[in-house]
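Written out below as structure tokens is the structure these notes cover.
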Amino acid sequence: MAQKGGISGGGFLEGITSLVTKLTELAEKGEQLQRSGELGTSDSGLKGVYGFNLRIGGGAPGQPSGAPRVEPFGNIRQDPQTGKAVVHPIREPLVDVFEEGPDVLVVAELPGVDREDISLELREDILTLHAEHGALKYHKEVLLPRRFTRRQMHTRCRNGVLEIRLEGKEERRS
């Protein structure tokens, strides 16, 4: 039974949980998988987007290298009170963090937005990105492997793909 602003999802979430468990087993064999999809809701007009990226190796901040990671994205979340899947108006974008020597590269997929639609906030080792263009809204907090300053951050956005390079060495003042 559909609710306003949400979709009933006990079975849906159980199915996703089962799928993620099986995919984690595959990832332990050294594979990377990514899946996504959309669900429509007639009550609110919102589109539900859910996806995940399953990775092995590289290690996220605070995780041992080689540990499997399931990184969800989209705007379908479980309501903590009802346990049902709910479609939110704000999507969580797919974000990858790469350590490249002393630098860190953050790549975020934000389909439908341009650079002027994006705002970034950097507080030590937490990067917060927010983007809004018409009905499209994205929000994500990213834990970085170490602290950076705003002066170390350089951005580029092309075709909805945002690249944020954080330089590992502080620029020297002349």
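FYI, it's all coordinate maths here, none of it is from the lab. Note that this is a predicted model, so its numbers are computed, not measured. For neighbour counting, all protein chains shown are included, and Cβ atoms are generated from backbone atoms with ideal geometry for every residue, glycine included.
Structure notes:
- Near the amide H of Lys84, within less than 5 Å, lie the amide hydrogens of Asp79, all on another chain or at least 5 residues away, with H placed in the peptide plane.
- Taken one residue at a time, the phi angles of the stretch 132-144 give Karplus couplings (6.51, -1.76, 1.60, θ = phi - 60°) of 8, 9, x, 7, 7, 9, 10, 8, 7, 9, 10, 7, 8 Hz. Gly and Pro are set to x.
- Across the stretch 87-95, computed HN-Hα scalar couplings (Karplus, 6.51 cos²θ - 1.76 cosθ + 1.60, θ = phi - 60°) run 8, 9, x, 9, 8, 9, x, 6, 10 Hz from first to last residue, x flagging Gly and Pro.
- Distance between the stretch 70-95 and the stretch 104-160 - C-alpha centres, whole angstrom: 19
- Distance between modelled label sites at Leu136 and Ser119, nm, 7 Å Cα→Cβ extension: 1.9
- This ranking places Glu132, Glu92 by how few other beta-carbon atoms lie within 10 Å of each, fewest first, which gives Glu132, Glu92.
- Restricting the stretch 77-174 to trypsin sites (Lys or Arg not before Pro) in coil, as DSSP defines it, with at most 11 other Cβ within 10 Å: Lys169, Arg172, Arg173
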